[in-house]
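Report on one structure; see the data block that follows.
The values are calculated or read from the model by the stated rules, or taken from the named source; none is laboratory data. Note that the structure is predicted; figures quoted are calculated from it, not measured. Methodologically, a virtual Cβ is constructed for each residue, glycine included, from the backbone with ideal geometry; neighbour enumeration extends over all protein chains shown. Remember, those area values only see protein heavy atoms, side chains included, never the ligands or the DNA or RNA. Shrake-Rupley method; radii C 1.70, N 1.55, O 1.52, S 1.80 Å.
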Amino acid sequence: MMSLLGIAVVVAGLVARRNPVLVVTLAAIVTGLAGGLDLVAVISAIGKGFNDARYISVAFLVLPVIGLCERAGLQGRARALVGGLRAVTVGRLFLAYLLVRQVSASLGLLSLGGQANMVRPLLAPMAEADDEARRGPPDPARRQLIRAHAAAVDNIGAFFGEDIFIALGSVLLITAVLRQNHLPVEPLRVALWAIPTAIVAFVVHAVRLLMLDARLAPRKEES
Amino acid sequence: MIGLGVAYALAGIVFAGIALFSALDRDNKKRWNNTAFWGLFALSFLAGGNLGDFANGLLVIALALVGGVAGLGVSRPATTTAEERAASAERLGGRLFAPILVIPAFALVGTLALKGLKVGSAPLVDPSQVTVISTALGVVAALALAFALFRPPLIAAPQEARRLMDSVGWAAILPQLLAALGAVFALAGVGTAVGKLMGLWLPMDSRLMVVVAFCLGMAVFAMIMGNAFAAFPVMTAGIGAPLIAAKFGGDPAVMGALGMLAGYCGTLMTPMAAHNIVPAALLELPSGAVIRAQAPTALLALAANTVLMYFLAFR
């Protein structure tokens, strides 16, 4: 039971708005010590866990490329791409991205999207350009809403897509943990049962994106 | 066999470059903090496999102290002006997109083409890591293409990377740190403790009750841990395996798939998740903005997911 102290540390840190990096490190040390490990064993476990998870941060490799493209004017070019298209609206643009992101993630192609390599240089500027073409100069609140939704659509597409692909981290982790608990299952069955929720999430978010267009439209002035 | 080591070495070089240019940046008052932080991160990627677990652990603690206590400065490396960018965009046109599109193209083609390649009887590329390695090779190709097309000065690559990396800051190490926390949780038996605790407080005597406890537990734990991957072993050991599967005979495949998705719904709503912190930093948004955009979808998907588990697990 004492090992639950680490969870209390995380919650307290969240509530007190302390730096998450510090909170998580502290929580790991507290959990390990409370769970009966000695300090050297705890630090070693943290080191091993961190080292084994380096594959996550390989995603940052794209930053030099993104930076060079931005430097050469990529974001402006992305804006120009959609500025004149009547059929494109912010909501429809995001909906198309959601579809591509979720389908490609479900085929195992997670690196096709991403916040650093697609949302910041391409998706967000395109959506902002479309909004400005329709509704005139940006205002900060509207711009914030658009950017937040650009980030959200990437996350939601990736999350509810990757669970369907059998060879990705998610399904492999599920089958590995179930096996540890003496519940062997076929990865394919795990992937199949993720489909109903993936469809629900897509439909819910698609409806919300189409509503976003109405929300962004300026209210008619009362006369 | 080409393994993840190639991608780690490349990432290590990028982080080392960022550390080097941080040290040279006299305008950043905290430049030595930035140098130490990215330098340690580079060390982890270049030599993490040889340092041993304990040294790696000390490295992590040093990273947390520099990033979380001493704090990083935000650098403003020289870049192009808005006018220069507009002129460059005019000149380059559609070619501007080429380097960015090269990366997914490599990922796609590499994943399909490299998987079967063999040298003698051994695979050329580690089959379980083909996508990551193909992406890393795509980055190298994209970088070469960007230099050929845009002709920037050589130091622009590390400087532009630093501009973006510093906007992410300490959040860059959070996902790996949360993975480490998950590993410690598993060692310390947090999962069984949570299961016992919930058993004490909640009547776990109906299918509905255990399904709701499992799905909500996954969501809440994913919020606390910043990701569903760390929450899943804990909740499966605590509730999923002993109650849903063993006691009530639920289908473990359904339980696993929908349990993980319940966790994803939690991840979409937590300020602990790098998925929410990194885009807010990259898009210059206040911290809660991304979560607010995601929360309605996450809550509805969580509710639907819980109902689905109730009906699908006990067919």
Output the number of the condition that B:Pro203 fails; it satisfies all remaining conditions of (1) over 25 Å from A:Ala53 (Cβ atoms); (2) of a type outside the set (Val, Ile, Thr); (3) part of a helix (DSSP H, G or I).
(3)
Testing A:Ser44 on (1) within 7 Å of another protein chain (Cβ to nearest Cβ); (2) farther than 30 Å from B:Ala144 by Cβ; (3) open to solvent by less than 10 Å² (accessible area, probe 1.4 Å); (4) small (Gly, Ala, Ser), one condition comes back false. Which one is that?
(3)
For the range B:304-315, how many residues are open to solvent by 10 Å² or more (accessible area, probe 1.4 Å) and within 9 Å of chain A (Cβ to nearest Cβ)?
3
In the range B:121-136, residues that are part of a helix (DSSP H, G or I), farther than 10 Å from B:Ile2 by Cα, in contact (Cβ under 8 Å) with a residue 40 or more places away in the chain and open to solvent by 30 Å² or more (accessible area, probe 1.4 Å) total 1
With A:Ala206, A:Ala141, A:Ala201 as the choices, which residue is open to solvent by less than 40 Å² (accessible area, probe 1.4 Å), out of contact with any Pro (no Cβ under 7 Å at 6 or more places or on another chain) and either more than 7 Å from chain B (Cβ to nearest Cβ) or not in a helix (DSSP H, G or I) (or both)?
A:Ala206
Given B:Leu164, B:Leu154, which one is more than 9 Å from chain A (Cβ to nearest Cβ) and either part of a helix (DSSP H, G or I) or out of contact with any Asp or Glu (no Cβ under 9 Å at 6 or more places or on another chain) (or both)?
B:Leu154
B:Gly169: outside any helix (DSSP H, G or I), touching a residue at least 24 places away in the same chain (Cβ under 8 Å) and surrounded by fewer than 23 Cβ atoms within 10 Å (Cβ to Cβ), yes or no?
no
If A:Leu98 satisfies every condition in (1) modelled with pLDDT of 90 or more; (2) touching a Phe, Trp or Tyr at 6+ places or on another chain (Cβ under 6 Å) but one, which is the exception?
(2)
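Listed here are the residues, each with its yes/no results for (1) of a type outside the set (Ser, Thr, Tyr); (2) surrounded by fewer than 17 Cβ atoms within 10 Å (Cβ to Cβ); (3) facing another protein chain (nearest Cβ under 8 Å).
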| site | (1), (2), (3) |
| --- | --- |
| A:Ala127 | yes, no, no |
| A:Asp154 | yes, no, yes |
| A:Gly157 | yes, no, no |
| A:Gly169 | yes, yes, yes |
| A:Gln180 | yes, yes, yes |
| A:Val190 | yes, no, yes |
| A:Thr197 | no, no, yes |
| A:Ala214 | yes, yes, no |
For the range B:240-295, give me each residue that is in contact (Cβ under 8 Å) with a residue 60 or more places away in the chain, open to solvent by 10 Å² or more (accessible area, probe 1.4 Å) and within 14 Å of the chain's Cα centre (by Cα).
B:Ala274, B:Ile277, B:Val278
Given the conditions (1) at pLDDT 90 or above; (2) surrounded by fewer than 21 Cβ atoms within 10 Å (Cβ to Cβ), every one holds for A:Ala16 apart from (1)
Suppose we filter A:Arg92, A:Arg71 for residues that are in contact (Cβ under 8 Å) with a residue 60 or more places away in the chain and of a type in the set (D, E, K, R); which single one remains?
A:Arg92
I'd like to know if the range A:162-181 contains one or more residues that are in a loop (DSSP other than H, G, I, E, B) and either among the polar types (S, T, N, Q) or not assigned by TED's automatic domain parsing to the domain that holds A:Val203 (or both).
yes
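Residue-wise test of (1) touching a residue at least 60 places away in the same chain (Cβ under 8 Å); (2) open to solvent by 40 Å² or more (accessible area, probe 1.4 Å); (3) among the charged types (D, E, K, R).
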| position | (1), (2), (3) |
| --- | --- |
| B:Leu164 | yes, no, no |
| B:Gly195 | no, no, no |
| B:Pro203 | no, yes, no |
| B:Val220 | no, yes, no |
| B:Phe232 | no, no, no |
| B:Gly238 | no, no, no |
Checked the range A:14-23 for anything within 9 Å of another protein chain (Cβ to nearest Cβ) and either under 22 Å from A:Gly35 (Cα atoms) or in a helix (DSSP H, G or I) (or both); matches are A:Leu14, A:Pro20, A:Val21, A:Leu22, A:Val23
